[in-house]
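Visitor: Sharing a structure with you now.
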Amino acid sequence: MIKLNQLFADVRVLLLTLSLLVLAGCDVERRKSDAELGLNPQQAAGRKLYDNYCDRCHEPYSTHGKKGPGLKGIFKNQYLPLSGLPTNDDRIIDIVKYGRAKMEGFSQVMTDEQIKDLIAYLHTL
């Protein structure tokens, strides 16, 4: 009985250690509110659009992607990842409207004003 209790204790310690190691390697961060991020109304509207249309493929606060590249600091780079195209509003608007490679275009579901809101949000990443 004592050996069995010791085995259970050892297993619990091992599981706790493994859990801590897994959590230490995670890049998990609580989602910040629009106010905490200092978003203006246009950027907040863009964030909602991002959540609805972009988040399933692009991580907003990471350079690691999902199906597409992560978008953290996208406008801080002179060139877009993967394509090497210049990073500017016009180029990003074209990609959002018409798509690129495996990405679908959103010109049929977003208005020009909504795309401008989305671009305003992307500038905050």
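Please treat every number below as a calculation from the coordinates, not as lab data. Because the structure is predicted, anything quoted here is derived from the model rather than measured. Cβ coordinates were reconstructed from backbone atoms using ideal geometry, including for glycine residues, and neighbour counts include every protein chain displayed.
Visitor: Just want the answer: with Cβ charges of +1 for Lys and Arg and -1 for Asp and Glu, which residue in Asn88, Tyr50, Pro60 is farthest toward the dipole's positive end in segment 37-122?
Guide: Result: Pro60, furthest along the dipole toward the positive end.
Visitor: Work out Dmax and Rg for segment 37-122 from the C-alpha atoms and quote the Rg first, both in angstrom.
Guide: Computed over the Cα atoms of segment 37-122, radius of gyration and Dmax are 11.9, 33 Å.
Visitor: So, by mean Cβ neighbours within 10 angstrom, what's the order for 113-120, 71-78 with the highest one leading?
Guide: By packing density, highest mean first, the sequence is 113-120, 71-78.
Visitor: Going Cα to Cα from Lys76, which lysines come in below 27 Å? Please leave out same-chain ones fewer than 8 positions away.
Guide: Once the sequence-local lysines are set aside, what remains near Lys76 is Lys32, Lys48, Lys66, Lys67, Lys97, Lys102, Lys116.
Visitor: Can you give me the Rg/Rh ratio for segment 54-103, using Cα atoms for both radii and the Kirkwood formula for Rh?
Guide: Rounded to two decimals, Rg over Rh is 0.92.
Visitor: May I pose another question? Provide the packing ranking of 58-65, 44-51, i.e. peptides ordered by the mean count of other C-beta atoms within 10 Å per residue, highest first.
Guide: Going from most to least packed, we get 44-51, 58-65.
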